[in-house]
Amino acid sequence: MSRTLPVLAFFVVTSTLLYSPVLHPSPEASFPNETPESKPLLRVLPAFRKEECDWAIRWDVCLKCVSSRYRYAQRIHFYPSGLYREHGCYSEEKGFFLIKED
């Protein structure tokens, strides 16, 4: 059981870094010379409480959205060689928008 916590912490830190906008600033930079197969899919999660961020892929972004009274959302781009997810917030007034990383 004591070994589970370090493995879980490693997974959380690694998954957070892999999806960081700093590493992949845009879909075009991640998939150069490729054309999307379709329009991006907007996925908005019904998170209004911190406990609901357990469902989010980027729980750190979700917590920032919820603390600012927005909903966590993903914009998923479909390219021939893979998917690109943008993680941000959503509101009825602003629509989908990216938040600044600290």
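The values are calculated or read from the model by the stated rules, or taken from the named source; none is laboratory data. Because the structure is predicted, anything quoted here is derived from the model rather than measured. Here the Cβ positions follow ideal geometry from the backbone for every residue, glycine too, while neighbour counts run over all protein chains shown. Protein only, heavy atoms only, side chains kept; ligands, DNA and RNA dropped before computing areas. Shrake-Rupley method; radii C 1.70, N 1.55, O 1.52, S 1.80 Å.
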How many residues are in contact with a His (Cβ under 9 Å, 6 or more places away or on another chain), part of a helix (DSSP H, G or I) and at pLDDT 85 or above if we restrict to segment 28-50?
0
What are the pairs, 6+ residues apart or on separate chains, where a residue within segment 85-100 that is part of a loop (DSSP other than H, G, I, E, B) has its Cβ under 6 Å from a residue that is open to solvent by 40 Å² or more (accessible area, probe 1.4 Å)?
99/64
Residues of segment 43-62 being within 12 Å of the chain's Cα centre (by Cα) and open to solvent by less than 60 Å² (accessible area, probe 1.4 Å), in sequence order, are 44, 45, 53, 56, 58, 60, 61, 62
For the structure I just gave you, tell me whether residue 57 is β-branched (Val, Ile, Thr) and in contact with a helix residue (DSSP H, G or I) (Cβ under 6 Å, 6 or more places away or on another chain).
no
Counting only residues that are out of contact with any Pro (no Cβ under 8 Å at 6 or more places or on another chain) and at pLDDT below 90, which one in segment 77-102 is surrounded by the most Cβ atoms within 10 Å (Cβ to Cβ)?
99
